[in-house]
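Accompanying notes for the structure given below.
The values are calculated or read from the model by the stated rules, or taken from the named source; none is laboratory data. Keep in mind the model is a prediction, meaning the values are calculated, not measured. Cβ: placed from backbone, ideal geometry, glycine included. Neighbour counts: every protein chain shown.
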Amino acid sequence: MKITQEEVVNRQTVLLIEMDDEDLDPYLDRGYRKIVQRVNMPGFRKGKAPRSIIERRLGRESLLQESIDYMVPDISRRAIAEKELESAGTPRLELESLDPVKIKATVPLIPEVDLGDYNTIKVEENAVNITDSDVDKRLEDMRKEASTWVPVDRAVKMGDMVTMSVTGVVGDQTVINQPDAIHNVEEGSVVPIPGFSENLVDTQPDEPKKFNMAITDDHPDKSLAGKEAQFDVTVSEIKERELPDLDDEFAKGFREGYDSLDSMRQSLESSLKSEAETAQQTQYREATINALLEKATVDIPPLLTEHEIEHMVERRNQFVASLKMEMADYLKITGKTEEETLEEMRENATDRLRRSWAISKLAEIENIEVSQTEIDERVQSLANSSEDPSKFLENPNLKSEEVSENLKQSILMEKAIDRLGELAREKVPDGTKTQKGKRTAKKKQNQQKGEGGDDADAGT
């Protein structure tokens with residue numbers, strides 16, 4: 001096997017591989033074993049004709065064609081190993097000829113990553129402060145969920161729910177034609193377009209109303225953006241929301257089984273605090289990762305980016321197919337062309353790869369490792385969160401090398417981000433905190449001293 005390596009450019013290189021006749025024998029034999037099972041040779045039982053006869057009759061290239069799907073990647077793997085290249089992903093393979101066998105392999109190499117002076121990164125960790133007004137707002141939302149709609153005989157007000165017939169025309173195109181549409185009249189609603197709800201206010205029942213509205217330039221449907229719509233509306237029924245009283249009986253009516261309104265408030269405060277802390281931790285992790293990326297130089301091979309885009313396109317297409325929707329209709333909804341979508345994917349792919357490789361480099365520099373115990377604990381945690389833990393653990397795929405490696409990498413990324421959070425943690429000045437905020441900050445300082453923080457998320 002003759003291998004010629006081209007210069008490394010943008011962290012990828014090209015291998016030109018030419019095979020000698022003696023190197024091809026295993027692939028010829030593989031092709032022979034496949035083809036001999038389906039051809040009939042005079043004088044031989046099916047599957048028993050010797051390779052020399054098959055090769056002479058059908059030609060060497062026919063045998064190679066049978067094993068080409070195996071031969072090309074196998075030869076490329078051997079060439080990459082022989083050149084001791086650190087491949088970062090699947091190479092792009094091209095069979096240039098079969099006589100002689102010539103293969104071109106474009107190999108993406110491990111990205112070069114320089115994290116700069118990442119030890120100097122400092123990120124402010126905001127305090128969590130839940131107020132009485134936050135609890136009041138959550139209670140009000142719960143009252144709305146438990147409310148009933150009561151018919152009223154008056155003009156439409158903001159907050160009502162109406163039943164109406166509505167026709168919307170843009171130019172010569174009818175965009176809405178619903179005889180019994182139900183619409184929540186809400187301030188700031190963008191359904192069907194911004195300002196529609198506001199135009200319904202003061203409408204009397206059973207009295208037709210016409211009004212024109214300008215469609216914004218940023219409307220998702222570009223065929224409608226910037227144009228004027230004419231609406232013809234007749235409201236047939238108006239309902240207003242009737243809220244339950246905020247008392248102990250209201251609290252007892254929820255499935256959580258609150259004893260009183262006070263116990264409900266306490267529970268909601270605790271829940272809101274937990275939600276806020278989770279959001280704050282996510283925000284903090286993102287801030288530290290962004291700070292790391294600002295200092296980092298990550299040279300990503302173009303082929304890695306292309307592979308990532310291919311995966312994103314595949315997932316997008318599967319999603320659209322699951323909706324039983326044509327791609328043209330999906331693009332119309334998003335308000336983007338295929339070219340714009342691909343460019344957005346390219347930006348996202350680049351960002352994701354930079355994040356992943358920068359965090360991996362941090363793990364390497366900080367000597368972060370993952371033990372088998374940690375992997376086993378993660379598997380058990382996943383099992384505990386499943387519907388049937390025993391059945392989950394019986395899945396033979398859990399013992400596969402691929403699953404184990406994926407879990408290992410996920411935990412490694414989490415631990416690396418945890419370490420970054422430890423290095424970057426900066427105390428918020430006391431003057432900016434409430435008393436609750438001070439207690440939260442003190443708790444986090446103690447966590448930092450004792451266990452090194454809790455920012456466990458891969459962030460990728």
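A few points about this structure:
- Cβ-Cβ distances below 7 Å connect the following pairs, each with a first residue in the stretch 203-216 that is under 12 Å from Ser165 (Cβ atoms) and assigned to a strand (DSSP E or B), a second residue that is of a type in the set (Val, Ile, Thr) and modelled with pLDDT of 95 or more, and a separation of six or more residues or different chains: Lys209/Thr203; Lys209/Val233.
- Selection from the stretch 217-226 of residues that are surrounded by 15 or more Cβ atoms within 10 Å (Cβ to Cβ), without any contact (Cβ under 8 Å) to a residue 60 or more places away in the chain and in contact with a Gly (Cβ under 8 Å, 6 or more places away or on another chain): none
- In a residue-by-residue description of the stretch 179-186, the property of being loosely packed, with under 12 Cβ neighbours inside 10 Å, hydrophobic (A, V, I, L, M, F, W, C) and within 15 Å of Arg241 (Cα to Cα) applies to at least one position.
- Condition check for Gly168 on (1) in contact with a helix residue (DSSP H, G or I) (Cβ under 8 Å, 6 or more places away or on another chain); (2) part of a strand (DSSP E or B): one failure, at (1).
- Taken over the stretch 333-368, residues that are charged (D, E, K, R) and free of Cβ contacts under 8 Å to residues at least 12 places away in the same chain amount to 9.
- Screening Pro151 on (1) closer than 30 Å to Phe254 by Cβ; (2) within 33 Å of the chain's Cα centre (by Cα); (3) loosely packed, with under 12 Cβ neighbours inside 10 Å shows it passes everything except condition (2).
- Restricted to helices (runs of 4 or more DSSP H) entirely inside the stretch 246-329, those with at least 1 residues that are closer than 30 Å to Thr106 by Cα are 261-295, 302-322.
- Residues (more than 24 Å from the chain's Cα centre (by Cα), hydrophobic (A, V, I, L, M, F, W, C) and either over 28 Å from Ala291 (Cα atoms) or not in a helix (DSSP H, G or I) (or both)) located in the stretch 359-391: Ile368, Val370
- Tabulated pairs, the stretch 388-410, first not assigned by TED's automatic domain parsing to the domain that holds Lys361, second surrounded by 14 or more Cβ atoms within 10 Å (Cβ to Cβ), C-beta under 8 angstrom, 6+ apart or interchain: none
- Matching residues, the stretch 189-221, being touching a Ser or Thr at 6+ places or on another chain (Cβ under 8 Å), more than 23 Å from Asp153 (Cβ to Cβ) and of a type in the set (Gly, Ala, Ser): Ser189
- Taken over the stretch 322-332, the criterion of being within 20 Å of the chain's Cα centre (by Cα) and surrounded by fewer than 12 Cβ atoms within 10 Å (Cβ to Cβ) is satisfied by Ser322, Leu323.
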